[in-house]
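Colleague: Sharing a structure here in structure tokens format.
The values are calculated or read from the model by the stated rules, or taken from the named source; none is laboratory data. As the structure is a prediction and not an experimental result, all values here were calculated from the model. Quick reminder, even Gly has a Cβ in these numbers, built from the backbone with ideal geometry, and neighbours come from all protein chains shown. Calculation scope for accessible area: heavy atoms of the full protein, side chains included, ligands and nucleic acids excluded. Shrake-Rupley method; radii C 1.70, N 1.55, O 1.52, S 1.80 Å.
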Amino acid sequence: MNYPTVKETEKEYIITEIIGDLKHQIEQDVFTVPLRILLNPDPTEKKAFVQIKIFGKNLKTPITEELILIF
């Protein structure tokens with residue numbers, strides 16, 4: 001089904017996907033299958049923070065960003 005690889009550690013979930021070659025400044029979907037996230041039905045927090053790292057052959061250091069999911 002081409003779902004990304006998901007690894008669970010004690011503190012986090014690590015989700016990886018190989019996307020191949022990207023063309024400069026052209027939008028592309030990262031996951032071939034939409035990522036599914038299950039939330040607590042009555043969360044005490046109304047935000048979740050997601051760390052993103054993008055690695056590439058032409059990048060000396062990975063691009064690191066933080067997404068804020070508001071629900």
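Colleague: What number comes out for accessible area per residue over the chain if the probe is 1.4 Å? Units Å², please.
Modeller: Ligands and nucleic acids excluded, the result is 103 Å² per residue.
Colleague: Let me ask something additional. Which Cα, out of F55, L35, I70, lies furthest along the positive dipole direction of the chain (beta carbon charges, K/R +1, D/E -1)?
Modeller: F55
Colleague: In addition: Rg/Rh for segment 1-50 to two decimals, with Rh computed the Kirkwood way over all alpha-carbon pairs.
Modeller: 1.04
Colleague: Let me ask another. In sequence order, what are the phi-derived ³J(HN,Hα) couplings for segment 57-70 according to the Karplus relation 6.51 cos²θ - 1.76 cosθ + 1.60 with θ = phi - 60°, rounded to whole Hz, with x for glycine and proline?
Modeller: Result, ordered by residue: 4, 9, 9, 5, 10, x, 7, 10, 9, 10, 9, 10, 8, 10 Hz.
Colleague: Is there a quick way to get the dipole size of the chain? I mean about its Cα centre, with the Cβ of Lys and Arg at +1 and of Asp and Glu at -1; what is the value in debye to the nearest 20?
Modeller: 200
Colleague: Run the accessible area of the chain with a 1.4 Å probe and give the carbon-and-sulfur part as a rounded percent.
Modeller: Percent of accessible area from carbon and sulfur atoms in the chain: 55.
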